[in-house]
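Since the structure comes first, as structure tokens, the remarks are kept for the end.
FYI, it's all coordinate maths here, none of it is from the lab. Every value quoted in this text rests on a predicted model; they were computed, and no experiment measured them. Here the Cβ positions follow ideal geometry from the backbone for every residue, glycine too, while neighbour counts run over all protein chains shown.
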Protein chains: 2
Amino acid sequence: MQGLTWWLCNFRVCEVLFFENQKDRRVLVTLTNNTLPTLEDVARVARVSTATVSRCLNRPGQVSDSTRDRVMRAVEELGYTPNFGARALAAKRTFTIGAITPTMENAIFARGLQAFQETLNEAGYTLLVSSTGYDPQREAEQIRNLVARGADGLLLIGYERDPDIYAFLEARKVPYLLSWAHRPEEKHPAVGFNNCKSMTELTKAVLAEGHREIGIISAQMEGNDRATDRVKGIRVGLHEAGLDPQRAPLVETPYSVENGANAFEEIMRSAPQTTAVMCVNDVLAVGAMNRAHDMGLDVPLDVSITGFDDIELAKLVKPKLTTVHVPHRLMGSLAAQQLMRFVEKTEAPQIRNLASIVEKRETLAKPRKNVDIDLVLR
Amino acid sequence: MQGLTWWLCNFRVCEVLFFENQKDRRVLVTLTNNTLPTLEDVARVARVSTATVSRCLNRPGQVSDSTRDRVMRAVEELGYTPNFGARALAAKRTFTIGAITPTMENAIFARGLQAFQETLNEAGYTLLVSSTGYDPQREAEQIRNLVARGADGLLLIGYERDPDIYAFLEARKVPYLLSWAHRPEEKHPAVGFNNCKSMTELTKAVLAEGHREIGIISAQMEGNDRATDRVKGIRVGLHEAGLDPQRAPLVETPYSVENGANAFEEIMRSAPQTTAVMCVNDVLAVGAMNRAHDMGLDVPLDVSITGFDDIELAKLVKPKLTTVHVPHRLMGSLAAQQLMRFVEKTEAPQIRNLASIVEKRETLAKPRKNVDIDLVLR
DNA sequence: GGCGGAACTGTAAGCGCTTACATTTACCGA
DNA sequence: TCGGTAAATGTAAGCGCTTACAGTTCCGCC
């Protein structure tokens with residue numbers, strides 16, 4: 001029987017004859033090159049035109065009950081699945097939304113995207129995700145790729161990208177929405193939060209504890225407006241407090257725990273008087289905490305450390321990380337709603353600025369006076 | 001000028017006349033419904049047939065230099081991007097690989113997939129990812145979806161799924177590869193590791209420390225062969241050591257830190273004599289560690305805890321988590337290679353079993369004798 | 001019985017691309 | 001100069017689907 005099944009794979013059911021007597025049901029078969037069954041095959045089996053089959057699948061209400069039954073049975077029989085490309089070609093609509101993220105390895109994006117996808121799925125859309133590895137070149141490719149694939153709309157992370165890309169999207173009239181960032185001065189449709197302002201809030205909290213010597217660890221700022229704005233936010237905070245932002249040591253390094261650790265050591269060696277190190281995200285901050293521990297520095301007694309994003313990890317490390325909480329799931333799901341509305345009504349979505357809040361936890365405290373940091377550094 | 005550009009969007013360049021004198025270059029334009037430019041538009045502008053344009057794009061060697069220049073200039077001029085659906089329809093080939101994961105929020109899958117994608121990209125393939133939320137129903141949908149989208153091949157996680165799905169893939173002759181698991185007795189093409197055996201190894205290490213009262217925290221095992229096999233691995237280890245596997249308390253709970261914590265408490269309350277808790281993944285283990293701490297239990301003095309996967313977090317928590325290291329990136333990239341070979345030669349890939357190794361770190365130690373655990377539990 | 005209109009179904013023209021095959025052009029040696 | 005071959009290009013037939021439009025069927029009612 002196994003053999004027969006296999007053998008039948010090389011045929012295609014061509015016609016099914018139904019008799020009153022259910023037991024006398026014959027199947028006509030033709031030899032084919034064994035490709036997927038098509039609408040036409042279904043039509044043939046159901047003894048209707050391809051148009052009717054198509055209607056059955058897309059607007060079942062327009063078809064009579066008996067016909068629909070017959071067609072559905074044929075669909076079942078053949079295991080028919082519509083060819084997506086052909087459908088998109090003919091209907092000029094794909095019910096697909098594309099999202100392009102810098103990386104999938106970052107919990108931040110993963111969480112927001114998950115929510116984005118869930119909201120999309122509920123409304124019958126499919127999400128296509130691709131990642132760029134923080135490479136603008138690759139981002140441009142992926143955007144073209146998703147547009148070529150017929151994405152009805154696009155979700156992009158952040159503002160900063162070649163104007164040509166925006167021109168391309170504009171010219172093609174592809175609805176797009178930016179996320180994970182919100183800049184009041186920009187006019188692109190966006191659902192995000194104000195990275196700069198959020199960081200200024202956190203900086204105020206740090207300053208309120210009495211810190212005056214603050215170090216900064218950032219992800220690479222080139223082409224990454226989230227990092228840029230967060231650093232800017234710190235500087236604004238310092239400036240407003242009457243401090244010179246340019247004095248604060250800054251280390252830029254790719255996003256990883258290990259790099260955060262190294263950056264921390266670099267700062268503490270070059271500016272031993274530092275009592276607080278602010279990181280533009282939690283992962284770097286956790287790296288900094290680790291290294292602090294290895295160097296024999298107590299957090300927060302010797303040095304306070306802060307992060308940004310409030311990933312799950314922030315609450316798991318000890319001491320618990322002070323950071324900025326961002327409503328990722330809300331953002332994802334709101335973005336999905338706005339983008340779908342945009343796609344369907346060709347009506348620009350409203351720009352949304354979501355609130356973020358400072359999560360003051362254990363890694364931030366008043367600085368211990370007169371630490372002989374040089375001792376620690378051998 | 002801005003206005004002009006916008007206005008021009010509603011037209012389509014129809015013909016470009018080149019004169020010797022570069023400055024005298026005129027553009028003929030027609031009013032269109034402002035859709036994407038097509039192959040035909042390019043052909044018209046370049047004054048060649050659509051076949052030639054197609055060849056230019058796909059097999060440039062077959063076209064003379066001068067023609068190719070002209071065509072490429074037209075492509076540039078119009079900002080032409082081939083329509084993916086149409087291309088797939090005509091060529092019956094998409095250079096797209098689909099991957100279906102239970103979730104994107106899990107670092108485990110993210111890391112392996114990233115490597116998978118990188119290897120694919122190098123070879124000119126595009127990866128389409130979609131996630132199921134551990135729902136078999138949704139997985140079936142997504143598989144059909146990706147097949148309908150013309151995926152040349154599919155990457156699936158684990159073995160356990162409705163036989164109908166395998167039948168579907170078999171009948172459609174869609175190359176697929178399983179990953180994140182390897183069962184010697186199964187014949188499906190797979191690149192993964194032996195979850196059961198790996199866990200037995202770890203169990204031996206736990207037993208070697210002198211533990212005899214072992215609790216188990218698992219993700220939900222229904223439809224999840226990774227979890228099933230890991231639990232089985234523990235039981236095999238216990239059995240081989242002459243212990244009764246059925247006596248070990250087991251709590252099944254969805255994958256999350258909080259759930260791990262609750263499960264840990266449940267075990268310790270119902271079986272206070274437990275000296276080691278083995279979790280089927282690191283996230284559950286970290287939750288268990290947290291709750292242990294909250295309950296005033298010292299890890300590993302009062303209770304040892306182990307995980308599985310060796311996610312980044314494992315090295316970041318304190319004490320560091322004893323776990324099983326899995327070569328996720330290697331697995332992803334190997335899977336990509338195998339799958340591409342499968343797709344291209346229609347030749348079944350070899351089944352690969354990757355080595356995993358026990359990472360003995362700080363959460364596993366000899367049990368402290370005679371702990372009065374009841375005291376701790378109020 | 002016949003008529004009007006609603007409900008259903010069929011016909012066929014594409015959607016944008018690839019490619020087998022036909023045709024043209026270029027180039028070579030006799 | 002001319003035939004012959006190879007290289008370049010054009011022609012046109014689909015790929016599998018949707019949908020405008022046309023045709024058919026079926027009612028209810030005069």
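If you take the Cα centroid of the stretch A:66-80 and the Cα centroid of the stretch B:181-227, the two points sit 44 Å apart.
With both labels modelled 7 Å from their Cα along Cα-to-Cβ, the residue B:294 to residue B:241 distance reads 2.8 nm.
Work out how much length residue B:366 to residue B:301 would gain on full extension: take 0.36 nm times their residue separation and subtract the Cα-Cα distance, in nm to one decimal. Intermediate values should be presented prior to the final figure.
Details: separation 65, 0.36 × 65 = 23.40 nm, distance 0.74 nm.
Gain in length upon complete extension: 22.7 nm.
Note on chain B: with a GNM built from Cα contacts shorter than 10 Å, the maximum mean-square fluctuation among B:229, B:282, B:162 falls on B:162.
For the protein assembly as shown, just say rounded, prolate or oblate: build the C-alpha gyration tensor, square-root its eigenvalues into a ≥ b ≥ c, call rounded for a/c under 1.5, and beyond that prolate if a/b exceeds b/c, oblate if not. Before the final figure, lay out each step's value.
Values: a/c = 2.30, a/b = 1.25, b/c = 1.85.
Judged from the Cα gyration tensor, the protein assembly as shown comes out oblate (a/c at least 1.5, b/c at or above a/b).
Net charge near residue A:252, counting Lys/Arg +1 and Asp/Glu -1 over other residues with Cβ under 13 Å of its Cβ?
Numbers: positive: A:230; negative: A:222, A:266.
Summing Lys/Arg as +1 and Asp/Glu as -1 gives -1.
For chain B, what does the helix formula give at 222 nm: sum of -39500 (n - 2.57) over DSSP H segments with n ≥ 4, over the residue count, nearest 500 deg cm²/dmol? Before the final figure, lay out the partial values.
Numbers: 15 runs with 169 residues, N = 378.
One gets -13500 deg cm²/dmol as the mean residue ellipticity at 222 nm.
Working out 0.36 nm times the residue gap between residue B:173 and residue B:66, then minus their Cα-Cα distance, what length gain in nm do you get to one decimal?
Length difference between fully extended and current span is 34.3 nm.
In this simple spin-label approximation, residue B:49 and residue A:250 carry label points 7 Å from Cα along the Cα→Cβ vector, and these lie 6.0 nm apart. Considering chain A at the alpha-carbon level, its Rg and Dmax are found to be 28.7, 97 Å. Considering only A:328, A:239, A:182, the mean-square fluctuation computed in a Gaussian network model of chain A, springs between alpha carbons under 10 angstrom, is largest for A:239. Each other copy holds its own label point for residue B:209; taking that point as 7 Å from Cα along Cα to Cβ, the gaps run 3.3 nm, nearest first.
Summarising the amide proton neighbourhood of residue B:324: residues at separation of 5 or more, or on other chains, whose placed amide H is nearer than 5 Å comprise B:307, B:308, B:309, B:310, B:359. Exposed loop sites, defined as GluC sites (Glu not before Pro) outside DSSP H, G, I, E and B with at most 11 other Cβ atoms within 10 Å, are absent from the longest region of chain A, namely A:21-184.
Extending 7 Å from Cα along the Cβ direction at residue A:103 and again at residue B:186 yields two label points whose distance is 3.0 nm.
Among chain A residues, the beta-carbon with the smallest distance to the axis carrying A onto B is reported, with distance in whole Å, as A:85, 2. The stretch A:262-328 and the stretch B:268-308 have Cα centres spaced 27 Å apart. Taking the stretch B:273-289 and a reference point 7 angstrom along Cα→Cβ of residue B:320, no backbone N atom is nearer than 14 Å.
Give the relative contact order (percent, whole number) for chain A; include only Cα pairs under 8 Å separated by 6+ residues. List each step's numbers first, then the result.
Working: 682 pairs, mean separation 53.1, N = 378.
Dividing the mean separation by the residue count of chain A yields 14 percent.
Summing Cβ point charges (Lys, Arg +1; Asp, Glu -1) relative to the Cα centre of chain A gives a dipole of roughly 1180 debye. Listed by chain and number, the lysines placed with their C-alpha closer than 21 angstrom to that of residue A:92 are A:173, A:345, B:92; residues fewer than eight positions away on the same chain are left out. Applying a threshold of 18 Å to the alpha-carbon distances of A:187/A:232; B:320/B:366; A:204/A:366; A:197/A:318; A:320/A:366 flags A:187/A:232; A:197/A:318 as lying beyond it.
Peptide A:84-92 has a mean shielding of 6, counted as Cβ atoms of other protein chains within 10 Å of each residue's Cβ. Residues considered: B:43, B:181, B:110. Largest GNM mean-square fluctuation over chain B, using C-alpha springs under 10 Å, is found at B:43.
What is the sum of charges, Lys and Arg at +1 and Asp and Glu at -1, for the other residues whose Cβ falls under 12 Å from the Cβ of residue A:114?
Once positives and negatives cancel, what remains is 0.
For the protein assembly as shown, the residue among B:223, B:272, B:46 whose Cα projects farthest onto the positive side of the dipole built from Cβ charges is B:46.
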